[in-house]
Amino acid sequence: MSIFPIEQIRADFPILGETIRNKPLVYLDNAASCQKPQAVIDSIVYTYSHEYANIHRGVHTLSVRATDKFEGAREKVRAFINAASTKEIIFVRGATEAINLVAQSYGKSQLQAGDEIVISAMEHHANIVPWQMLCQQMGAVLKVAPMNQQGELLFDEFAHLLNAKTKLVAITQMSNALGTINPVEQIIAAAHAKQIPVLLDGAQAIPHMAVDVQALDCDFYVFSGHKLYGPSGTGVLYGKQALLEAMPPYQGGGDMIRQVTFEKTEYAGLPHKFEAGTPAIAEIIGLGAAIDYITAIGMDKIAAYEAELLDYATQQAEQIKGLNIIGQAAHKGGILSFTLDRIHPHDIGTMLDSLGIAIRAGHHCAMPVMDFYGVPATARASFAMYNTRQEIDVLMQGIKSLIEVFG
């Protein structure tokens with residue numbers, strides 16, 4: 001295995017020292033949410049202890065300090081995904097809110113009855129339901145690009161769906177239920193050839209691979225802070241400046257205004273036009289601390305280490321009789337979804353928890369994926385930079401003992 005400071009990294013995450021039912025915690029539920037390093041926890045505590053005040057509108061010292069840190073976090077996000085300007089970085093509560101913002105602002109202002117939106121068969125509910133709602137509102141049509149049994153997008157079928165009526169493509173960069181990494185460069189090129197904008201759901205991809213929105217040339221990119229080792233209740237919408245400037249505000253209130261009278265309101269410029277009300281100030285500063293932490297380790301190193309973990313876990317899983325891996329794309333990230341013959345995924349999750357192993361069991365907010373594979377749910381082990389081969393061994397031993405119990 002390549003040289004990776006795994007012991008040092010694990011020491012940075014206090015929760016990894018917990019015991020569950022008198023067993024050392026093995027946390028393999030990272031696709032749902034990642035744990036937080038001490039640097040992020042310290043950042044939040046420090047803000048609330050020493051620098052907290054409401055931002056942007058205050059002239060007093062604490063407000064100025066908090067504003068500087070908050071806007072500093074915006075610059076960290078900009079640099080992290082290589083956006084052209086901080087005006088293109090909108091802070092939201094998560095990827096879900098970001099998608100809803102684009103649907104209700106861009107979508108409502110651009111779509112007409114009969115227009116089409118294209119998504120894929122492997123989307124999270126957060127990249128399905130907002131578009132269904134928009135289609136109902138506007139009389140538009142939602143089209144779904146199919147996938148194969150490996151869990152890979154059928155690209156030719158996707159490209160065939162694109163036509164003059166297509167007004168937006170919204171697609172996941174990495175599937176939360178299968179681990180599939182989609183060929184987003186190809187997808188964007190095909191859509192742009194027909195002048196169709198593309199939104200990428202980067203919630204799963206962002207902690208596992210380097211993202212350069214300018215190189216991708218995506219029109220919108222969304223992600224959540226809590227999957228990126230940052231605080232929950234934080235997220236980012238990246239949008240190309242020209243698109244964001246043309247879009248109407250998503251919510252009204254404080255901080256998104258320039259001037260208000262009872263007759264009319266003049267809106268603030270980007271990015272504040274889309275940031276109504278008091279945001280999660282300390283948490284956004286904490287997101288900046290998470291980005292600092294990840295950047296110091298190096299995204300390429302993290303990606304290489306996690307790829308080795310996934311390879312190892314897959315090899316081990318393939319040797320267990322009665323274990324069926326769901327999602328075997330040639331190009332995938334650190335997610336191992338599986339079923340066991342005659343054992344319900346919820347029973348798998350419960351029994352592994354008795355061994356201190358945290359996995360997710362259920363439909364993973366991807367019910368159409370479960371329907372495609374004809375299963376009610378899967379068990380899902382998902383890996384992060386702080387996981388180890390030893391933890392995978394514990395997982396596999398747990399699965400084997402479970403199979404023995406169920407006979």
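The values are calculated or read from the model by the stated rules, or taken from the named source; none is laboratory data. Computed from a predicted model, the values in this text were never measured in an experiment. So basically every Cβ, Gly included, is an ideal-geometry build from the backbone, and we count neighbours across all protein chains shown. Surface accessibility is based on the protein's heavy atoms, side chains included, excluding ligands, DNA and RNA. Shrake-Rupley method; radii C 1.70, N 1.55, O 1.52, S 1.80 Å.
Starting from region 177-201, keep only residues that are within 19 Å of Leu244 (Cα to Cα) and in the same structural domain as Glu97 (by the TED database), then list their pairs with residues that are among the acidic types (Asp, Glu) and open to solvent by 10 Å² or more (accessible area, probe 1.4 Å) whose Cβ atoms are within a distance under 8 Å, requiring at least 6 positions of separation or different chains.
Listed by first residue and then by second, the contacts come to Ile188/Asp217; His192/Asp217; Pro197/Asp219; Val198/Asp219; Leu199/Asp219.
Conditions (1) surrounded by fewer than 18 Cβ atoms within 10 Å (Cβ to Cβ); (2) outside the structural domain of Tyr305 (by the TED database); (3) more than 30 Å from Ala296 (Cβ to Cβ), marked per residue:
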{"residue": "His331", "(1), (2), (3)": "yes, no, no"}
{"residue": "His344", "(1), (2), (3)": "yes, no, yes"}
{"residue": "Gly362", "(1), (2), (3)": "no, no, yes"}
{"residue": "Ser401", "(1), (2), (3)": "yes, no, yes"}
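Quickly run through region 1-21 and pick out the residues that are open to solvent by 60 Å² or more (accessible area, probe 1.4 Å) and touching a residue at least 60 places away in the same chain (Cβ under 8 Å).
Hits for region 1-21 are Met1, Thr19, Arg21.
Which members of region 73-92 meet the condition of being in contact with a Gly (Cβ under 8 Å, 6 or more places away or on another chain) and not in a helix (DSSP H, G or I)?
Once the filter is applied, which keeps residues that are in contact with a Gly (Cβ under 8 Å, 6 or more places away or on another chain) and not in a helix (DSSP H, G or I), region 73-92 yields Ile90, Phe91, Val92.
Every residue in region 1-55 that is at pLDDT below 95 and of a type in the set (Ser, Thr, Tyr), please.
Hit for region 1-55 is Ser2, nothing else.
Sort out for me the helices (runs of 4 or more DSSP H) sitting completely within region 155-257 that have 2 or more residues that are over 15 Å from Ile119 (Cα atoms), over 13 Å from the mean Cα position of the chain (by Cα) and hydrophobic (A, V, I, L, M, F, W, C).
213-216, 241-246
Is it the case that Thr261 is open to solvent by 30 Å² or more (accessible area, probe 1.4 Å) and β-branched (Val, Ile, Thr)?
Answer is yes for this residue.
Scan region 52-105 residue by residue and report those that are among the hydrophobic types (A, V, I, L, M, F, W, C), under 27 Å from Leu243 (Cα atoms) and over 26 Å from the mean Cα position of the chain (by Cα).
Selection gives Ile55 alone.
Does region 268-291 hold any residues that are surrounded by fewer than 16 Cβ atoms within 10 Å (Cβ to Cβ) and either in contact with a Lys or Arg (Cβ under 8 Å, 6 or more places away or on another chain) or in a helix (DSSP H, G or I) (or both), and which are they?
Correct list: Gly269 only.
Where residues in region 49-95 are surrounded by 19 or more Cβ atoms within 10 Å (Cβ to Cβ) and touching a Pro at 6+ places or on another chain (Cβ under 8 Å), which of them is farthest from Met209 (Cα to Cα)?
Ile55
Quick check on region 102-111: of everything there that is touching a residue at least 40 places away in the same chain (Cβ under 8 Å) and buried (at least 24 other Cβ atoms within 10 Å of the Cβ), which residue is nearest to Ile285 (Cα to Cα)?
It comes out as Val102.
Going through region 112-146 one residue at a time, which ones are open to solvent by less than 10 Å² (accessible area, probe 1.4 Å) and not in a helix (DSSP H, G or I)?
Within region 112-146, Ile117, Val118, Ile119, Ser120, Met122, Glu123, Ala145 qualify.
With respect to Glu283, determine if the residue is more than 25 Å from Ala193 (Cα to Cα) and modelled with pLDDT of 95 or more.
yes
On the given criteria, is Ala317 within 25 Å of the chain's Cα centre (by Cα) and among the hydrophobic types (A, V, I, L, M, F, W, C)?
Taking the combined requirement at face value, the residue does not satisfy it.
Please find, among Tyr312, Tyr305, the residue that is open to solvent by 10 Å² or more (accessible area, probe 1.4 Å), closer than 20 Å to His208 by Cα, of a type outside the set (Asp, Glu) and not assigned by the TED database to the domain that holds Pro231.
Step by step, each of Tyr312, Tyr305 is checked, and only Tyr312 is open to solvent by 10 Å² or more (accessible area, probe 1.4 Å), closer than 20 Å to His208 by Cα, of a type outside the set (Asp, Glu) and not assigned by the TED database to the domain that holds Pro231.
Yes/no per residue for (1) in contact with a helix residue (DSSP H, G or I) (Cβ under 9 Å, 6 or more places away or on another chain); (2) hydrophobic (A, V, I, L, M, F, W, C); (3) open to solvent by less than 30 Å² (accessible area, probe 1.4 Å); (4) touching a residue at least 60 places away in the same chain (Cβ under 8 Å):
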residue: Gly349; (1), (2), (3), (4): no, no, yes, no
residue: Leu355; (1), (2), (3), (4): yes, yes, no, yes
residue: Ile359; (1), (2), (3), (4): yes, yes, yes, yes
residue: Met367; (1), (2), (3), (4): yes, yes, no, yes
residue: Phe372; (1), (2), (3), (4): no, yes, no, yes
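Applying the selection to region 323-347, what residues are touching a helix residue (DSSP H, G or I) at 6+ places or on another chain (Cβ under 9 Å) and in a loop (DSSP other than H, G, I, E, B)?
Correct list: Ile326, Gly327, Gln328, Gly333, Gly334, Asp341, Arg342.
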